[in-house]
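**Student:** The structure under discussion is supplied below as structure tokens; questions concerning it will follow.
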Amino acid sequence: MSEIEDFQILKDGLDYKFFFNGKWKNSESGKIIPIRNPYNNELVGNIQACTKEEADRIIECARSNIECWNETPIRDRAEILREAAKLMLKWSKPLGSLLMKEIGKPIKSAISEITRTADIFNATADSASQISGETMMGDVFKGFTRETISMTYRVPLGVVLCIGPFNYPFNLTGSKIAPALLAGNSVVMKPPTQGALTPLHFGIILEKVGVPPGVFNIITGRGSEIGDYLTAHPKIDMISFTGSSETGKSLAKMAGMKPLLLELGGKDAAIVLNDANLDLVVKSIISGAFSFSGQRCTAVKRVLPMPNIADKLVENVTESTLKLTVGDPAENNTIGPLISSKQCDYVQGLIDDALEKGATLKCGNKREGNIMWPTILDHVTIDMRVAWEEPFGPVLPFIRVYSAEEAIQISNQSEYGLQGMIFTENIDLAFNIAQELDVGSVQINGKSSRGPDHFPFLGTKSSGLGTQGIKYSIEAMSRPKVVVMNLTEKGKLVRECKFEGN
Ligand code: NAP
Ligand code: G3H
């Protein structure tokens, strides 16, 4: 089958289907949801608005396939992931191009989202040999003997529901699917509506490389319509979710006692001390704040500079910001459209509020369609919304501080706790500040970011629950199973133990 024919399986014209029990189907709802290019509003495709009854059938089917999949040797499951990675690499350009159209991500970043996902699949496969258990002897504990022995190994949780966000729709569903399948679970994936088309191709990829029908399934539809139903569904055994803190918190309420892995919003602050390497800071801040127009959970969302470096830093960051290219993602401009006009209105509201309250506009504050020019705000104070709210857009506030203690206090006052950054040549001080920051990870002399993908990635407070990262995700998607041997006297070797002295 040719590459193009492979891609035609999942749609009729622009109408994409959903994937259930190894087959592509139209929803019985008869309803479709249009996905438009956020840059030029062109229709990229339509997805099926699945019904709750279809959700029941998909979940039931996934459940009925767990045992066979778990009995497939893990080396075979790992090999399937490796083969899937090959197809992702082979198709990275057409998939990247589709991704670019549906979410407005610059074409180079869109293609690397696909190749990064292939890397995650390969690295997950490599982890197969690390999924191991342990044996313990009872005589460590008072009242027990060596005749009580526990054997612990890991088993899958069952049906894992994988829900991803619009900003990494392929990668942040893929980074859930790979560990879930390796650990022996079956999967129901619900992609974000805006960004659903590219992850739908996981259906083709995984079917082609030998994932049996029903082990991997995709349901499409708006989270506001089917999300709660899926989340609360009694036959879903675990939920791995990436998205906003608001949705994550509501999902946690609906989920009852299901194990959850939640990667949510952030307000990562860069603390810049007086002795920081200015060029390094500027480069890190520009790429950290403005890649994909600031639509990253780990974007640099606040800068807290100390007095001796603040003026020069604001000046240099502004100068570099003015050089960023703005426009069509197909031409690989750094700044492209935000995901929706609603999101642009929200970001504009943050800028307007800051300017009304006395912030200094250094550049930006301009909008055309869904494109917002990168905006630098200086002299931001803590009574302004932009000091605390996550813009998910290209706006960067500078909150000037007078001591490391003040920087720590403002960093920690946030409802979020994803990552923190410290820029300084004084590594001892950096380490001490890092210890004080209430976040999942601290970057010293680097921008906040999730990768490399085998590192633990987590957030405190409203930024998440549980830990992502290849080994950590596999652990979160499996559980220990303990078998205890209680040996009896029968068969015990009778011998007299006697210590021999010299
Ligand atoms: P979102 O609006 O919360 O949506 C995320 C996913 O949840 C989508 O698939 C959405 O489906 C689904 N959803 C919506 N309502 C639901 C419900 N009631 N039950 C279950 N699922 C539901 O987030 P987003 O706008 O796509 O992504 C941006 C946010 O994600 C930002 O806050 C960002 O910081 C965060 N994020 C965090 C990380 C991280 O690793 N910490 C990574 C990326 C993004 P629909 O699309 O159909 O509504
Ligand atoms: O948007 C949230 C992602 O987890 C960020 O990943 O730091 O590699 O861009 P990234």
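We did not get these values from a lab; they are worked out from the coordinates using the rules stated. Treat the numbers as computed from the prediction; the structure is a model and nothing was measured. We place every Cβ from the backbone using ideal geometry, glycine too, and count neighbours over all the protein chains shown.
**Student:** So how strong a dipole does the stretch 269-444 carry about its Cα centre when Lys and Arg Cβ are +1 and Asp and Glu Cβ are -1, to the nearest 20 debye?
**Tutor:** Approximately 420 debye in magnitude.
**Student:** Oh, and also: So what's the net charge close to Gly464: Lys and Arg +1, Asp and Glu -1, counting the other residues with Cβ under 15 Å from its Cβ?
**Tutor:** After counting each charged neighbour, the total is 0.
**Student:** About its Cα centre, how strong a charge dipole does the chain have in debye, to the nearest 20, once Lys and Arg get +1 and Asp and Glu get -1 at the Cβ?
**Tutor:** Value, rounded to 20: 980 debye.
**Student:** If contacts are Cα pairs under 8 angstrom and at least 6 residues apart, what is the relative contact order of the chain in percent?
**Tutor:** 17
**Student:** Next question. Holding the Cα-Cα limit at 32 Å, pick out from Lys267/Lys471; Lys176/Lys301; Lys267/Lys312; Lys90/Lys253; Lys101/Lys366 the pairs that are longer than that.
**Tutor:** Table pairs above 32 Å Cα-Cα are Lys90/Lys253.
**Student:** Taking the dipole about the Cα centre of the stretch 269-444, with the C-beta of Lys and Arg at +1 and of Asp and Glu at -1, give me whichever of Ile271, Pro307, Ile285 is farthest to the positive side.
**Tutor:** Ile285
**Student:** Okay, moving on. Using only the alpha-carbon atoms, how far is helix 92-103 inclined from the longest principal axis of the chain? Give it as 0 to 90 degrees, nearest 10.
**Tutor:** That works out to roughly 60 degrees.
**Student:** Spelling out what I want: for every residue of the stretch 373-387, take phi, set θ = phi - 60°, compute 6.51 cos²θ - 1.76 cosθ + 1.60 (Karplus), and round to whole Hz; glycine and proline get x.
**Tutor:** Couplings: 5, x, 10, 10, 10, 9, 6, 6, 10, 6, 8, 8, 4, 5, 6 Hz.
**Student:** Below 13 angstrom from the Cβ of Asp126, what's the summed charge of the other residues (Lys, Arg +1; Asp, Glu -1)?
**Tutor:** After counting each charged neighbour, the total is +1.
**Student:** Run the numbers for Glu28 and Glu53: contour at 0.36 nm per residue of separation, minus the present Cα-Cα distance, in nm.
**Tutor:** Contour length minus Cα-Cα distance gives 8.1 nm.
**Student:** Now, a different point. In the stretch 294-332, which trypsin sites (Lys or Arg not before Pro) are in a loop and have at most 12 other Cβ atoms within 10 Å, using DSSP for the loop call?
**Tutor:** Here the trypsin sites (Lys or Arg not before Pro) that fit, given the DSSP loop and packing criteria, are Lys323.
**Student:** Please report the net charge: other residues with Cβ closer than 14 Å to the Cβ of Thr152, K and R +1, D and E -1.
**Tutor:** Residues near Thr152 contribute +1 overall.
**Student:** Now a separate question. Label points 7 Å out from Cα along the Cβ direction at Asp6 and Glu368: separation in nm?
**Tutor:** The two pseudo-label positions are separated by 3.8 nm.
**Student:** Here is a follow-up. Under 1.5 on a/c is rounded, so check that first for the chain, then, if it is not, pick prolate when a/b is larger than b/c and oblate when it is not; a ≥ b ≥ c are the square roots of the alpha carbon gyration tensor eigenvalues.
**Tutor:** oblate
**Student:** Related question: Could you list Cys50, Cys68 in order of exposure, starting from the residue whose Cβ has the fewest other Cβ atoms within 10 Å?
**Tutor:** Neighbour counts put them in this order, fewest first: Cys68, Cys50.
**Student:** Additional query: How far, in nm, would the chain grow between Ile427 and Ser150 when pulled straight, counting 0.36 nm per residue and subtracting the alpha carbon separation?
**Tutor:** 95.3 nm is the gain from fully extending Ile427 to Ser150.
**Student:** I've got another one for you. Along the charge dipole of the chain, pointing to its positive end and built from +1/-1 on Cβ of Lys, Arg, Asp and Glu, which listed residue (Ala252, Asn26, Gly393) has its Cα farthest out?
**Tutor:** Asn26
**Student:** Additional query: Calculate how many DSSP beta bridges within the stretch 269-444 are antiparallel, expressed in % of all such bridges and rounded to the nearest 5.
**Tutor:** 25
**Student:** Can you give the angle from 0 to 90° between the axis of helix 427-436 and the longest principal axis of the chain, with both taken from C-alpha atoms, to the nearest 10?
**Tutor:** That works out to roughly 70 degrees.
**Student:** What FRET efficiency, computed as 1/(1 + (r/R0)^6) with R0 = 25 Å and r the Cβ-Cβ distance, is obtained for Asp311 and Tyr346, rounded to the nearest 0.05?
**Tutor:** Result of the calculation: an efficiency of 0.25.
**Student:** For the stretch 408-502, run through the GluC sites (Glu not before Pro) and keep only the ones in DSSP coil with at most 11 other Cβ atoms within 10 Å of their Cβ.
**Tutor:** Filter output for the stretch 408-502: Glu489, Glu496, Glu500.
**Student:** Lys/Arg Cβ at +1, Asp/Glu Cβ at -1, dipole of the chain taken about the Cα centre: which of Asn412, Gly364, Ala196 is farthest positive-ward?
**Tutor:** Checked the options; the winner is Ala196.
**Student:** So if R0 is 41 Å, what FRET efficiency would Ser403 and Glu356 give, r being the distance between their Cβ atoms, rounded to the nearest 0.05?
**Tutor:** Efficiency for this residue pair is about 0.90.
**Student:** Here is a further query. Obtain the nm distance between the two label points defined at Lys249 and Phe141 by a simple spin-label model: each point lies 7 Å from its Cα along the Cα-to-C-beta direction.
**Tutor:** Taking the two extended label points, one gets 3.9 nm.
**Student:** Run the quick spin-label model on Leu487 and Ser112: label points 7 Å from Cα toward the beta carbon, then report their separation in nm to one decimal.
**Tutor:** Distance between the two pseudo-spin positions: 5.6 nm.
**Student:** Relative to the longest principal Cα axis of the chain, at what angle does helix 52-64 sit, 0 to 90 degrees, rounded to 10?
**Tutor:** 40
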